[in-house]
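Below: one structure, written as structure tokens.
Readers should treat all values here as calculations from the given coordinates under stated rules, not as data from a laboratory. In this text, all values refer to a predicted model and were calculated from it rather than measured experimentally. Backbone-built Cβ (ideal geometry, glycine too); neighbour counts: all protein chains shown.
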Ligand code: ZN
């Protein structure tokens, strides 16, 4: 049976947990991890219930976004020391308009297995998230030099088009790992039609995942499960489990894992994810 872009039985679904992000605070949801110790413990807990990738942002003592490589390194050490195999995806997003380009590229020097690559500029709520052509070129060069797989984050179809140009120029190399971030105020609306459109723009063989913002998180995750894609969930994008009930990160991951099992899609392990995305081979 063919549904969307995949033929069933499908490959495993890669679940990414975006646990912290740059905006939610403990005042909004006490389950948001903000210290390296909390973020690492949360990564381990999410890995135990089905996440293969942990997408991390760092915060300072006041919960403000920081790109401090020392905190990133500390978090990775703690995860590894706990014996978890989850793959770390370090954010290079900074505070969506509040960090310098140089600060944002800091974590790349740590050679994480994956780092985010925000593939174009976009209005982001009340802010402007600038990813200039010069920044993207430099970020791609540094990721290539450090053997980092870019998670190509696309907030609207123009960002996919930017990626195609960077692929043509040889700055982005296969395998391609796309993350569609839908529902940011200023980007694409979080609809299946938009998702399908962006999938149709992808180069052959590209892997894709989707995260919907806010109340779109669950329905778009379910759409991705049905369409053969991968899913990102977590408090970075949505702090609610259901209307009126705050979520925790492991709770959100466990729900996607349950839905995947119901659909007959096995949840990909970190080892299977490394194999699919060619990690550790660069
Ligand atoms: Zn992020």
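Structure data summary
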{"item": "Segment 46-66, subset surrounded by fewer than 21 Cβ atoms within 10 Å (Cβ to Cβ) and more than 16 Å from the ligand (Cβ to nearest atom), residue nearest to residue 252 (Cα to Cα)", "result": "49"}
{"item": "Residues of segment 138-161 satisfying the condition of being surrounded by fewer than 20 Cβ atoms within 10 Å (Cβ to Cβ) and touching a residue at least 40 places away in the same chain (Cβ under 8 Å)", "result": "147, 157, 161"}
{"item": "Subset of segment 192-203 [crowded, with 19+ Cβ neighbours inside 10 Å and in a loop (DSSP other than H, G, I, E, B)]", "result": "202"}
{"item": "Hits in segment 68-123 (condition: away from the ligand (no atom under 16 Å from the Cβ) and assigned to a strand (DSSP E or B))", "result": "123"}
{"item": "Residue within segment 175-191 that is surrounded by fewer than 16 Cβ atoms within 10 Å (Cβ to Cβ), in contact with a helix residue (DSSP H, G or I) (Cβ under 8 Å, 6 or more places away or on another chain) and outside any helix (DSSP H, G or I) present", "result": "yes"}
{"item": "Yes/no for residue 38 being free of Cβ contacts under 8 Å to residues at least 40 places away in the same chain, out of contact with any helix residue (DSSP H, G or I) (no Cβ under 6 Å at 6 or more places or on another chain), over 24 Å from residue 266 (Cα atoms) and part of a helix (DSSP H, G or I)", "result": "yes"}
{"item": "Selection from segment 220-244 of residues that are closer than 19 Å to residue 260 by Cα and free of Cβ contacts under 8 Å to residues at least 24 places away in the same chain", "result": "241, 242"}
